[in-house]
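Following: one structure in structure tokens, then a few remarks.
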Amino acid sequence: MSNSISLFDKFIMVALGDVSKDSFQTQLLKFTVFISTVFMFSSVFLNYFIQQNSQIDIISVVSFLAFLVCYLFSRFKFRFLPVLYFQFTLSLISIGLGWYYFDGIDGMAFYTLLIVAMIYSMITRGTSSVIIFLVIIVFYLVLVIVEFFNPSIVRNYQNDAAKFIDLTVTVLFTISVVFIVVKLVFNKFIERETVYLENQILEEKNNIITNQNDELIHLNATKDKFFSIISHDLKNPISNFHQAANLAYSEFNSLDEKDLLDILKMLDSSSKEIYELLNNLLIWARSQQSRVEFNPEPCNLNYIILNNISLQKLSASNKKISIEFDNNLDRELFADINLVNTVVRNLISNAIKFSFEGSKIIVSTSILKDGKFALTQVKDFGIGISAENIEKLFKPDSNFKHHGTKNEKGTGLGLILCKEFIEMHKDCVIYAESTLGVGTTFSFTLPLLNPMKIKEY
């Protein structure tokens, strides 16, 4: 198989030259010129033995030489348009001579004209295509009209045998050319289809690599965040707890009641910080391992909010902060209770942490205009966040940290969890709006159990 392909490639190289970098139209034009020259060469011998007419023999030789010049020009000095129009003109002249000498439209001229029309429809484009189409139509109509009004102008074959042989050869040649051209077109289509499929596969592989790269970046950011929390954020409260406990143990007999109370407050603060941090860290670790279960069910958002306000009332009272609940939601959600509870707890805890002493926090609920989602907002009147840092809040690779109004430390881990848990609910979002020195509002949406159909007027 490889030998035959090699021989065919060598034949093409000799006959047409190097066509590997040519367009399909150029390859087809060169092939047409070559085949036409071969056909005219065979016609010289065919006409000599069949027609036995010296005038036809001379015309056959002259035609062959003209086609040979066109072939040599296309083989060694190829220029698309000159070769195209030269070959086309020679083809029409040959068809006209065939029509005149060989039985008019009833002879071989009609078949040859069909081949020319088919091939040049594939070779030409744009203006050239229109010009050649119109010329072929006009040429055919002229031949038909002239023969119709003056049938005696065309010459007939010498005998029926000559007509039979000439038409048989012409038809066989027509079938062969049509087969080869269709095969070339089909192979070109298959080649383009193969390239398209290969590009599709390559694009899919590139997308996979891009996704894997993005995932790797995310994993590296997650790993860096994890080690940052372990090495710094968890170390400080544990260190404070250890120092307070050690101080109470070593100086117990010399400490008065006020000093002991201060140490107990330090231990309480450190233990709460450690507990909150470890709790978020464990939940986050589970979420990164895809071990957080998502079990949406009908749930009462108002109860979840009131329960979390009650649990964090002591922390708020230590900073003399009041928490107000503005409830405008009388519908149940279809959400995961545990995930929603974690989100609400983190947002209220953050609001307390970053609120000024003596201020207030407003938690509000409402139904969005589309009637499909509930909107929850946690608004504080605290230190606020700059616009450039708002974008960093929900990104694990940002390493954005901010101390509270009483120097409370945060890791930013809670907000990352909030984003992941909210987005586990389809089409739900969480976002923040803030003004430095004024306060921050965190908003998130959750799906309603039975969405309402809102009428538009």
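The values are calculated or read from the model by the stated rules, or taken from the named source; none is laboratory data. Just so it is clear, the model here is predicted, and its values are computed rather than measured. Reconstructed Cβ throughout: ideal geometry from the backbone, glycine too, with neighbour counts over all protein chains shown.
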> For Phe356, all conditions in the list (1) out of contact with any helix residue (DSSP H, G or I) (no Cβ under 9 Å at 6 or more places or on another chain); (2) free of Cβ contacts under 8 Å to residues at least 60 places away in the same chain; (3) surrounded by 21 or more Cβ atoms within 10 Å (Cβ to Cβ) hold save one; what is the number of the exception?
Replying inline: (3)
>> With the requirement that a residue be among the acidic types (Asp, Glu) and in a strand (DSSP E or B), what does the range 320-339 give you?
In response: Glu324, Asp326
> From Val62, Val19, Val38, Val69, which residue is assigned by TED's automatic domain parsing to the domain that holds Ser121 and touching a Ser or Thr at 6+ places or on another chain (Cβ under 9 Å)?
Replying inline: Val19
> Which of the residues that make up the range 360-378 are in contact (Cβ under 8 Å) with a residue 60 or more places away in the chain, buried (at least 19 other Cβ atoms within 10 Å of the Cβ) and touching an Asp or Glu at 6+ places or on another chain (Cβ under 9 Å)?
Replying inline: Thr365, Phe373
> Which residue out of Asn308, Asn346 is in contact (Cβ under 8 Å) with a residue 40 or more places away in the chain, more than 16 Å from Thr405 (Cα to Cα) and in contact with a Leu (Cβ under 7 Å, 6 or more places away or on another chain)?
Replying inline: Asn346
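To keep it simple, each residue is scored yes or no on (1) over 48 Å from the mean Cα position of the chain (by Cα); (2) farther than 24 Å from Cys428 by Cβ; (3) surrounded by fewer than 16 Cβ atoms within 10 Å (Cβ to Cβ).
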residue: Asn308; (1), (2), (3): no, no, no
residue: Lys313; (1), (2), (3): yes, yes, yes
residue: Ala316; (1), (2), (3): yes, yes, no
residue: Lys320; (1), (2), (3): yes, yes, yes
residue: Leu329; (1), (2), (3): no, no, no
residue: Leu333; (1), (2), (3): no, no, no
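Every residue, every condition in (1) at pLDDT 85 or above; (2) outside any helix (DSSP H, G or I); (3) buried (at least 17 other Cβ atoms within 10 Å of the Cβ), yes or no:
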position	(1), (2), (3)
Ser20	no, yes, no
Gln25	no, no, no
Leu28	no, no, yes
Phe34	yes, no, yes
Tyr48	no, no, no
Gln52	no, yes, no
Gln55	yes, no, no
Ile58	yes, no, no
>> Being among the aliphatic types (A, V, I, L, M), at pLDDT 85 or above, in the same structural domain as Lys372 (by TED's automatic domain parsing) and under 22 Å from Ala374 (Cβ atoms) narrows it down to one residue among Ala316, Ala335; which is it?
In response: Ala335
> Residue check, Glu408 against (1) closer than 22 Å to Lys372 by Cβ; (2) surrounded by fewer than 21 Cβ atoms within 10 Å (Cβ to Cβ), all met but one. Which one?
Replying inline: (1)
>> Only one of Met118, Met108, Met122 is in contact (Cβ under 8 Å) with a residue 60 or more places away in the chain and in contact with an Asp or Glu (Cβ under 9 Å, 6 or more places away or on another chain). Can you tell me which?
In response: Met108
>> I'd like to check something: does the range 282-299 contain any residue that is touching a helix residue (DSSP H, G or I) at 6+ places or on another chain (Cβ under 8 Å), among the aliphatic types (A, V, I, L, M), surrounded by 17 or more Cβ atoms within 10 Å (Cβ to Cβ) and modelled with pLDDT of 75 or more?
In response: no
> Do we have Asn346 as part of a helix (DSSP H, G or I) and modelled with pLDDT under 90 here?
Replying inline: yes
